[in-house]
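Read the structure below first, then the notes.
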Amino acid sequence: MTPRSFLLTPELADYVRNSSEPVDDVIADLVAETAAMAERGEAPSTMQIAPEQGAFMRLLTTALGARRAIEIGTFTGMSALCVARGLPDDGSLLCLDINETWTAVARRYWERAGVASRIELRLGDALTSLRALPAVATFDLAFVDADKTGYPAYVEELHPRMIPNGVVLLDNTLRSGRVIDPGTDDDRAMVGLNAALAADPRWETVLLPIADGLTMLRKR
């Protein structure tokens with residue numbers, strides 16, 4: 001099954017995709033392989049971003065003129081693939097993830113798409129890897145799609161490492177609508193984070209109803 005927003009019916013999801021940048025064979029095959037892994041119980045397909053979100057992220061990367069990007073939570077590599085495609089030839093994307101099996105799939109598709117040279121993957125605890133980076137303004141763009149209770153720490157550590165006007169994207173900030181009535185620790189963590197970011201003067205914040213909620217932060 002192709003990932004889609006919980007806000008859309010299947011028919012509307014098809015319409016959105018058909019009215020956006022077409023999905024090529026690389027993306028289509030990656031979606032299909034990830035779905036097959038989920039059917040075998042090898043991976044949760046819900047962790048993959050929707051194709052229209054990928055198209056948006058590629059467009060945004062290009063429009064921002066981003067050259068240095070970082071991703072926290074890579075899974076099977078679709079978001080990284082889309083961001084890397086939006087970077088210039090000499091741009092770079094640093095991916096932080098803990099799962100060697102899922103990211104092995106990602107590596108194959110990055111090679112196939114011809115963007116592997118722009119991507120560095122570091123395996124290990126993402127927060128430890130992030131804190132090991134120099135706390136200086138480095139990145140134009142960041143994408144966070146990892147453990148939800150870890151988001152506040154990721155955002156805090158990203159702040160000094162983003163350039164002025166740098167953009168951070170946070171995935172799953174609507175939690176399939178459960179932010180209205182949170183039932184899990186992940187849900188409650190997101191509710192707290194959403195409220196904190198809206199009041200944080202260091203960031204300009206907008207929560208967009210894209211896919212499962214995509215919050216965009218601009219470092220002031």
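Tabulated data for the structure shown
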| quantity | calculated |
| --- | --- |
| Enumerated strands (runs of 3 or more DSSP E) restricted to the stretch 107-220, each holding at least 1 residues that are free of Cβ contacts under 8 Å to residues at least 60 places away in the same chain | 119-123, 162-171, 203-208, 214-219 |
| Failed criterion for Leu133 (all others in (1) under 17 Å from the mean Cα position of the chain (by Cα); (2) surrounded by 14 or more Cβ atoms within 10 Å (Cβ to Cβ) hold) | (1) |
| Residue in the stretch 26-47 that is within 18 Å of Met216 (Cα to Cα) and within 14 Å of the chain's Cα centre (by Cα) present | no |
| Failed item, numbered, when Arg112 is tested on (1) among the charged types (D, E, K, R); (2) open to solvent by 80 Å² or more (accessible area, probe 1.4 Å); (3) in contact with a Gly (Cβ under 6 Å, 6 or more places away or on another chain) | (3) |
| Failed item, numbered, when Gly124 is tested on (1) of a type outside the set (Lys, Arg); (2) within 15 Å of the chain's Cα centre (by Cα); (3) closer than 22 Å to Ala43 by Cα | (2) |
| Subset of the stretch 168-182 (residues that are of a type in the set (D, E, K, R), open to solvent by 20 Å² or more (accessible area, probe 1.4 Å) and under 19 Å from the mean Cα position of the chain (by Cα)) | Arg175 |
| Matching residues, the stretch 24-46, being of a type outside the set (Gly, Ala, Ser) and either touching a Leu at 6+ places or on another chain (Cβ under 6 Å) or surrounded by fewer than 17 Cβ atoms within 10 Å (Cβ to Cβ) (or both) | Asp24, Asp25, Asp29, Glu33, Glu39, Arg40, Glu42, Pro44, Thr46 |
| Options Gln48, Gln53: the member that is touching a Pro at 6+ places or on another chain (Cβ under 6 Å) and within 25 Å of Pro152 (Cα to Cα) | Gln48 |
| Any hit, the stretch 3-12, residues being among the aliphatic types (A, V, I, L, M), buried (at least 17 other Cβ atoms within 10 Å of the Cβ) and touching a residue at least 24 places away in the same chain (Cβ under 8 Å) | no |
| Lone unmet requirement of (1) under 17 Å from Phe139 (Cα atoms); (2) open to solvent by less than 50 Å² (accessible area, probe 1.4 Å) for Asp89 | (2) |
| Filtered residue count, the stretch 190-204, keeping only those that are over 24 Å from Ala80 (Cβ atoms) and either at pLDDT below 95 or under 18 Å from the mean Cα position of the chain (by Cα) (or both) | 1 |
| Boolean, Ile98 is open to solvent by 30 Å² or more (accessible area, probe 1.4 Å) and within 24 Å of Asp29 (Cα to Cα) | yes |
| Test for Thr103: is it part of a helix (DSSP H, G or I), open to solvent by less than 20 Å² (accessible area, probe 1.4 Å) and in contact with a Ser or Thr (Cβ under 9 Å, 6 or more places away or on another chain) | yes |
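Let's see how each residue does on (1) within 17 Å of Asp171 (Cα to Cα); (2) modelled with pLDDT under 95; (3) among the basic types (Lys, Arg); (4) outside any loop (DSSP other than H, G, I, E, B):
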{"position": "Met1", "(1), (2), (3), (4)": "no, yes, no, no"}
{"position": "Leu7", "(1), (2), (3), (4)": "yes, yes, no, no"}
{"position": "Val16", "(1), (2), (3), (4)": "no, yes, no, yes"}
{"position": "Leu30", "(1), (2), (3), (4)": "no, no, no, yes"}
{"position": "Ala35", "(1), (2), (3), (4)": "no, yes, no, yes"}
{"position": "Ala38", "(1), (2), (3), (4)": "no, yes, no, yes"}
{"position": "Ala43", "(1), (2), (3), (4)": "no, yes, no, no"}
{"position": "Met57", "(1), (2), (3), (4)": "yes, no, no, yes"}
{"position": "Thr62", "(1), (2), (3), (4)": "no, no, no, yes"}
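The values are calculated or read from the model by the stated rules, or taken from the named source; none is laboratory data. All figures in this text were calculated on a predicted structure; none of them were measured in a lab. With ideal geometry, Cβ positions are generated from the backbone for all residues, glycine too; neighbour counts draw on all protein chains shown. The area values use the complete protein model at the heavy-atom level, side chains included, leaving out ligands, DNA and RNA. Shrake-Rupley method; radii C 1.70, N 1.55, O 1.52, S 1.80 Å.
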